[in-house]
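The values are calculated or read from the model by the stated rules, or taken from the named source; none is laboratory data. Computed from a predicted model, the values in this text were never measured in an experiment. Positions of Cβ are generated from backbone atoms using ideal geometry, with glycine treated the same way; all protein chains shown enter the neighbour counts. Please note that ligands, DNA and RNA were not included when accessible areas were found on the heavy atoms of the full protein model with its side chains. Shrake-Rupley method; radii C 1.70, N 1.55, O 1.52, S 1.80 Å.
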Amino acid sequence: MNFFEDHVILVEGLRSRLDNAFEYLYDKYSAALYGVVYKIVLDEDEASDVLQEAFINISQKIDTYDADKGTLFTWILNIARNKALDA
């Protein structure tokens, strides 16, 4: 078991800017986020670019994530979806 499977520990790792926390987040969620982004932009290259921008945005805004308002996945999904809609 990866200790980042505990979302509290994952968020703490992300907020501490731990590379392995971001790697875990990307490995766990990038495929799902890519699928959502691709359904919006309908272009593989653009979907990849949007996904990269979304993960940059996630890393920059992780301190604003509030677990009381929703799950981490829902929060990152909204960031990726909004980036796709903007594109």
Hey, can you tell me all the residues within segment 5-23 that are farther than 18 Å from Thr74 by Cβ and either open to solvent by less than 20 Å² (accessible area, probe 1.4 Å) or not basic (Lys, Arg) (or both)? Ile9, Glu12, Gly13, Ser16, Leu18, Asp19, Asn20, Ala21, Phe22, Glu23
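On the given criteria, is Ser16 under 13 Å from the mean Cα position of the chain (by Cα), more than 14 Å from Asn82 (Cα to Cα) and among the small types (Gly, Ala, Ser)?
no
Residues are listed down the side, and each one gets a yes or a no for (1) within 13 Å of the chain's Cα centre (by Cα); (2) over 21 Å from Leu18 (Cβ atoms); (3) open to solvent by less than 70 Å² (accessible area, probe 1.4 Å):
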site	(1), (2), (3)
Gly35	yes, yes, yes
Tyr38	no, yes, no
Val41	no, yes, yes
Ala47	no, yes, yes
Asn57	yes, no, yes
Ile62	yes, no, yes
Asp66	no, no, yes
Thr74	yes, yes, yes
Checking the condition touching an Asp or Glu at 6+ places or on another chain (Cβ under 7 Å) and basic (Lys, Arg), which residue from Lys61, Lys83 passes? Lys83
Would you check which residues across segment 24-33 are open to solvent by 30 Å² or more (accessible area, probe 1.4 Å), farther than 14 Å from Ala84 by Cβ and touching a helix residue (DSSP H, G or I) at 6+ places or on another chain (Cβ under 9 Å) and list them? Tyr24, Tyr26, Lys28
Collect the residues in segment 76-86 that are in contact with a helix residue (DSSP H, G or I) (Cβ under 7 Å, 6 or more places away or on another chain) and surrounded by fewer than 15 Cβ atoms within 10 Å (Cβ to Cβ), keeping them in residue-number order. Leu85
